[in-house]
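Step one of this worksheet: look at the structure below.
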Amino acid sequence: MSSFIHAARIASVLLLGVVAPAIAATGTADDYTQQIESWRAARVERLKAPGSWLSLVGLHWLAPGDNTVGSAADNRIVFAKGPAHLGIVTLAADGKVTLSLLPGTQASIDGKAATTAELIDDTQDNVDATNVKVGTIDFHLITRGGRKALRATDSEAETRTHFLGIDNFPIDPSWKITARWEPFAEPRTLDVPNVLGSVDKEPVTGHAVFERDGKSYSLTPIKDGGDPGLFFVLADATSGKLTYFGARFLKADAPKDGVVTLDFNKAYNPPCAFTPYATCPIAPPENRLKLAITAGEKKYRGGHP
């Protein structure tokens, strides 16, 4: 295929994406509306499930050495509920973290009765973090910015049991946009800040370029675990007003034939929009658009923040 024909085909796809993106991709406008409504309903059900982000009740940073854990105030790490004195979590000089439960503690470690364990954090490829369960409380080890913490969830958390649902902009097919994928000549690193005040350096290989109201914009994706698709952390002119201030997230399929579909009707809130116990990325400067994206999820009316 000549480069001229290939370029012409890409141009045709991009033009179609501007004129009638959603209908071309999914059939009728009614079909597209139903697709987005189903996606949103599934999103709400995932949030309402036990162990979801709405279940978070604590983020407890470990100090070097022994950290006593329990619901009593004299512990170094005080859980929202559970046994007054649960046990000791030890952070060794080499970064190894171990748990020793007190005798008689009714708890399970990775679903089995145990009293001691080395805690594996959530950064290991293809290995789940060690999960400790005590009543309705679950906790596991996380590592962020070189620091280690216990993240606790409660299936009876008020943020879950009193979840107010998600407000969305009206479904608008014009916000399903076919973008041009432009790979970088050389791999780059994107500085992505987070709510903890640190910055993660994410390798990136290209960006998606699209047109809206006669102006050109670009978004640079980062990796999302082992997901082969694209993951965007973005902000726009609605951020901090109609939508969550730090960012919204958007996923897209991997580029195909030089194009990427950006469906902003599926732009969704990060966990930090619902709980103070998450550690979310904030949109990097490259992804802060001077454009009001009036599609996708609005700010959570549950009050955080």
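The values are calculated or read from the model by the stated rules, or taken from the named source; none is laboratory data. The structure presented is a predicted model; accordingly, all values stated were derived computationally and were not measured. Using ideal geometry, Cβ is built from the backbone for each residue, glycine included, and neighbour counts are taken over all protein chains shown.
Here is a yes/no grid of residues against (1) more than 17 Å from the chain's Cα centre (by Cα); (2) at pLDDT 95 or above; (3) not charged (D, E, K, R):
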{"residue": "Val192", "(1), (2), (3)": "no, yes, yes"}
{"residue": "Ser198", "(1), (2), (3)": "no, no, yes"}
{"residue": "Lys215", "(1), (2), (3)": "yes, yes, no"}
{"residue": "Pro228", "(1), (2), (3)": "no, no, yes"}
{"residue": "Phe232", "(1), (2), (3)": "no, yes, yes"}
Can you name the condition, by its number, that Cys272 falls short on among (1) in a loop (DSSP other than H, G, I, E, B); (2) out of contact with any strand residue (DSSP E or B) (no Cβ under 8 Å at 6 or more places or on another chain); (3) buried (at least 19 other Cβ atoms within 10 Å of the Cβ)?
-> (1)
Across the stretch 47-79, what is the total count of residues that are crowded, with 20+ Cβ neighbours inside 10 Å, part of a helix (DSSP H, G or I) and of a type outside the set (A, V, I, L, M, F, W, C)?
-> 1
Quick one: how many residues across the stretch 214-233 are buried (at least 21 other Cβ atoms within 10 Å of the Cβ) and charged (D, E, K, R)?
-> 0
Residue list for the stretch 117-139, filter: outside any loop (DSSP other than H, G, I, E, B) and farther than 20 Å from Gly226 by Cα | Ala117, Glu118, Val132, Lys133, Val134, Ile137, Asp138, Phe139
Has the stretch 192-207 got any residue that is touching a helix residue (DSSP H, G or I) at 6+ places or on another chain (Cβ under 7 Å) and not acidic (Asp, Glu)?
-> yes
For the stretch 234-266 the number of residues that are under 11 Å from the mean Cα position of the chain (by Cα) and of a type in the set (Gly, Ala, Ser) is 1
Could you check the stretch 140-243 for strands (runs of 3 or more DSSP E) lying wholly inside it with 3 or more residues that are touching a residue at least 60 places away in the same chain (Cβ under 8 Å)?
-> 147-154, 176-193, 199-212, 215-219
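Conditions (1) in the same structural domain as Asp121 (by TED's automatic domain parsing); (2) more than 29 Å from the chain's Cα centre (by Cα); (3) at pLDDT 95 or above; (4) not polar (S, T, N, Q), marked per residue:
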position: Ile10; (1), (2), (3), (4): no, yes, no, yes
position: Thr26; (1), (2), (3), (4): no, no, no, no
position: Ala41; (1), (2), (3), (4): no, no, yes, yes
position: Ala63; (1), (2), (3), (4): yes, no, yes, yes
position: Gly70; (1), (2), (3), (4): yes, no, yes, yes
position: Asp74; (1), (2), (3), (4): yes, yes, yes, yes
position: His85; (1), (2), (3), (4): yes, yes, yes, yes
Restricting attention to the stretch 81-103, which residues are exposed (fewer than 14 other Cβ atoms within 10 Å of the Cβ) and in contact (Cβ under 8 Å) with a residue 40 or more places away in the chain?
-> Gly95
Output the residues belonging to the stretch 189-213 that are exposed (fewer than 14 other Cβ atoms within 10 Å of the Cβ) and among the charged types (D, E, K, R).
-> Asp191, Lys201, Asp213
Hey, can you tell me all the residues within the stretch 99-116 that are at pLDDT 95 or above and outside any loop (DSSP other than H, G, I, E, B)?
-> Leu99, Ser100, Leu101, Ser108, Ile109, Lys112, Thr116
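Okay, residues lined up against (1) part of a strand (DSSP E or B); (2) out of contact with any Gly (no Cβ under 6 Å at 6 or more places or on another chain):
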| site | (1), (2) |
| --- | --- |
| Ala254 | no, no |
| Leu262 | yes, yes |
| Pro276 | no, yes |
| Thr279 | no, yes |
| Ala283 | no, yes |
| Glu286 | no, yes |
| Ala292 | no, yes |
| Ala295 | no, yes |
| Gly302 | no, yes |
Working carefully through the options Thr238, Thr178, find the one that is at pLDDT 95 or above, closer than 30 Å to Asp30 by Cα, assigned by TED's automatic domain parsing to the domain that holds Asp31 and in contact with a helix residue (DSSP H, G or I) (Cβ under 9 Å, 6 or more places away or on another chain).
-> Thr178
What are the pairs, 6+ residues apart or on separate chains, where a residue within the stretch 285-302 that is more than 15 Å from Cys272 (Cβ to Cβ) and free of Cβ contacts under 8 Å to residues at least 60 places away in the same chain has its Cβ under 9 Å from a residue that is among the acidic types (Asp, Glu) and surrounded by fewer than 16 Cβ atoms within 10 Å (Cβ to Cβ)?
-> Pro285/Asp191
